[in-house]
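K.L.:
My questions all concern the structure below.
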């Protein structure tokens, strides 16, 4: 019998995405599936649209807008399945997008998390920022992906049609064993949104699980549907959450010197944006640092979890992509990672 799969879409004022993309999700050929929309107290008519036009979709009503991390935590307490698929509302799935991923995850007991190929909805021959051909992390904590280095996106020429271990799986379409999700305590609620999936995958690796990419499955992602690029809130969360993630997961022997370098590089970025007249970004970085320090001196900073040296983690890149990209001028993944 097929393992049970719960496709859970977290929604906040996403009526247009639900109307556009839910039909394809419901048409998925995987038999043993449920489609669930967890609504984060939307103020639009998302819920009434679901009840009227998509009666086969299960609905979970969260009491408030918890954000991505706690929104899923609250919802998944109420969902029983072998596998969860955390699916963004702004994703177009393709025929047969579930079967190869579940087959790959069933092939080894320790494969706990997986992502498909993530292409751009607006340019379907190009990789999309959020995950592309599988997420990696450089040794200073900067995320990158096969097919995406900072803002440079590659065309999809079949170069990432493989199955391989990665550091992190995209939150746009993240498959995870339900038992592992709950054993890890779910997503870290403090993050609200941004980089919570990287933190989850890092913690999974520390516990001995594998995170994988499945090149035989493809989805198309719009991206920025809830927090568009360039917003103060998005910049703030990215900088704050990255520092928190490093502090939570880096081994003690690496933690403090790497955090010092990261804080310094953030300062360089802030000065650059100031010179460009971007006052919103410098404010976002400043308050991200202030709130990171507040978090660092709180009880919440004491996770009590074991740590592994970065070199022992799959998908870790023992280079600085800031140096490789901005100083040495390397644009593409194949130029940076051998």
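Taken together, the values in this text are just the output of simple stated rules run on the coordinates, not laboratory data. Everything numeric in this text was worked out from a predicted model, so none of it was measured. When we count neighbours, we look across all protein chains shown, and the Cβ atoms used for this are built from the backbone with ideal geometry, even at glycine.
K.L.:
Expressed as an acute angle from 0 to 90° and rounded to the nearest 10, what is the orientation of the C-alpha long axis of helix 252-275 relative to the principal long axis of the chain?
P.N.:
90 degrees
K.L.:
Report the FRET efficiency, 1/(1 + (r/R0)^6), for residue 103 and residue 19, where r is their Cβ-Cβ distance and R0 is 22 Å, rounded to 0.05.
P.N.:
0.10
K.L.:
Right, another one. What's the FRET efficiency of residue 4 with residue 51 using the Cβ-Cβ distance as r and R₀ = 35 Å, to the nearest 0.05? All intermediate terms of the calculation are to be shown ahead of the outcome.
P.N.:
Numbers: r = 24 Å, r/R0 = 0.69.
E(calc), rounded to 0.05, equals 0.90.
K.L.:
Taking only Cα atoms and a 10 Å spring cutoff, compute GNM fluctuations for the chain and point out the largest among 258, 283, 77.
P.N.:
Of 258, 283, 77, the most mobile in the Gaussian network model is 77.
K.L.:
Pairs of alpha-carbon atoms within less than 8 angstrom and 6+ residues apart define the contacts here; what relative contact order does the chain have, in percent? Walk me through the numbers before you get to the answer.
P.N.:
Numbers: 634 pairs, mean separation 63.1, N = 338.
Relative CO of the chain lands at 19 percent.
K.L.:
Measure nothing but the geometry: give the 0 to 90° angle between the long axis through the Cα atoms of 67-76 and the longest principal axis through the Cα atoms of the chain, rounded to 10°.
P.N.:
Approximately 40 degrees, to the nearest 10.
K.L.:
To the nearest 10 degrees, how steeply does helix 196-206 sit against the main Cα axis of the chain, on a 0 to 90 scale?
P.N.:
80 degrees
K.L.:
Would you please classify the overall shape of segment 104-171 from the alpha carbon gyration tensor, given that a ≥ b ≥ c denote the square roots of the eigenvalues, rounded means a/c under 1.5, and beyond that prolate means a/b larger than b/c while oblate covers the rest? All intermediate terms of the calculation are to be shown ahead of the outcome.
P.N.:
Working: a/c = 2.21, a/b = 1.31, b/c = 1.68.
Cα axes put segment 104-171 in the oblate bin.
K.L.:
Turning to a different aspect of this structure: What does the C-alpha gyration tensor say about the overall shape of segment 254-338? Classify as rounded when a/c is under 1.5, otherwise prolate if a/b is larger than b/c, or oblate.
P.N.:
Numbers: a/c = 2.86, a/b = 1.02, b/c = 2.80.
Because a/c hits 1.5 or more and a/b fails to exceed b/c, segment 254-338 counts as oblate.
K.L.:
For residue 30 and residue 126 in the same chain, what is the full-extension length gain: residue separation times 0.36 nm, less their Cα-Cα distance, in nm? It would help to have the intermediate numbers written out before the result.
P.N.:
On the way: separation 96, 0.36 × 96 = 34.56 nm, distance 2.63 nm.
Length gained, residue 30 through residue 126: 31.9 nm.
K.L.:
Which distance in nm do the two modelled labels at residue 269 and residue 326 give, with both placed 7 Å along the Cα-to-Cβ direction?
P.N.:
Each label point lies 7 Å from its Cα, and together they span 0.8 nm.
K.L.:
Would you mind calculating the relative contact order of segment 232-336 from Cα pairs under 8 angstrom and at least 6 residues apart, reporting the percent as a whole number? Before the final figure, lay out each step's value.
P.N.:
On the way: 65 pairs, mean separation 36.4, N = 105.
Once normalised by length, the contact order is 35 percent.
K.L.:
Would you mind ranking 19, 56 so that the residue whose beta carbon has the fewest other beta carbons within 10 Å leads the list? Walk me through the numbers before you get to the answer.
P.N.:
Working: 19 14, 56 9.
Taking fewest neighbouring Cβ atoms as first place, the list is 56, 19.
K.L.:
At 7 Å along Cα-to-Cβ for each site, give me the label-to-label distance between residue 63 and residue 110 in nm.
P.N.:
4.0 nm
K.L.:
Do the sum for the chain: with -39,500 (n - 2.57) for every DSSP H run of n ≥ 4, divided by all residues, what is the mean residue ellipticity at 222 nm, to the nearest 500 deg cm²/dmol?
P.N.:
Details: 10 runs with 119 residues, N = 338.
The helix contribution divided over the chain gives -11000 deg cm²/dmol.
K.L.:
Follow-up. Which of the three applies to segment 218-293, rounded, prolate or oblate, going by the alpha-carbon gyration tensor with a ≥ b ≥ c and a/c under 1.5 meaning rounded?
P.N.:
oblate
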